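> Quick one: this structure, given as structure tokens, is what I'll be asking you about.
The values are calculated or read from the model by the stated rules, or taken from the named source; none is laboratory data. In this text, all values refer to a predicted model and were calculated from it rather than measured experimentally. As a convention, Cβ positions derive from the backbone with ideal geometry for all residues, glycine included, and neighbour counts pool all protein chains shown.
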Amino acid sequence: MDRYLARARERLLRMREEMLRRRSDHREGEEELLGVREADPGDAAAAEGGAIPLDSLNENEQARVAEIEAALTRIDEGSYGRCEQCEEPIGMRRLEAVPSARRCFTCETEHEKEHRSVHQG
């Protein structure tokens, strides 16, 4: 299982890095199209391999990065791969498809039904 956790950690770190890089590339592309390029300390840090400020991400991107960070924390704490709702193991296929999954398929399905009914009326 240690090898599996190491691979999961690597995958989550790559996902986070890729998301931040895409956002940085997107932001630079927007600035080029608009002909706007101001000196920004955040850009200098990003160019030097530093962190991209989370406030430069939209709400969905921030939530996704937070989910990845939470999964990394669960790996560190030893609770990764266990459903937060029923405490049963989350299936490997689900974790491979959604490495940041907090709930097993059954509990996630119930959660989505409840969440959807609250938002619909």
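> Test each condition in (1) surrounded by fewer than 17 Cβ atoms within 10 Å (Cβ to Cβ); (2) more than 19 Å from VAL98 (Cβ to Cβ); (3) at pLDDT 60 or above for ARG23 and report the one that comes out false.
The one condition ARG23 does not meet is (1).
> Please specify each residue of region 83-106 satisfying the condition of being part of a loop (DSSP other than H, G, I, E, B), of a type in the set (Ser, Thr, Tyr) and either farther than 14 Å from GLU67 by Cα or in the same structural domain as VAL65 (by TED's automatic domain parsing) (or both). Step through it out loud before you land on a result.
Start the filter on region 83-106 by keeping residues that are part of a loop (DSSP other than H, G, I, E, B), which leaves 83-88, 90-91, 98-104.
Filter once more, so that each one left must be of a type in the set (Ser, Thr, Tyr): 100.
If the condition is that a residue be part of a loop (DSSP other than H, G, I, E, B), of a type in the set (Ser, Thr, Tyr) and either farther than 14 Å from GLU67 by Cα or in the same structural domain as VAL65 (by TED's automatic domain parsing) (or both), then no residue fits.
> Here is a follow-up. Which residues, taken from region 70-121, are among the polar types (S, T, N, Q) and either under 19 Å from ARG3 (Cβ atoms) or within 19 Å of the chain's Cα centre (by Cα) (or both)? It would help to see each step written out before you state the result.
Here is the first cut: in region 70-121, the residues among the polar types (S, T, N, Q) are 73, 79, 85, 100, 106, 109, 117, 120.
Scanning region 70-121 gives THR73, SER79, SER100.
> Now for a separate question. All but one of (1) in contact with a Lys or Arg (Cβ under 7 Å, 6 or more places away or on another chain); (2) modelled with pLDDT of 55 or more; (3) not acidic (Asp, Glu) hold for ALA66, so report the exception by its number.
It fails just one condition, (1).
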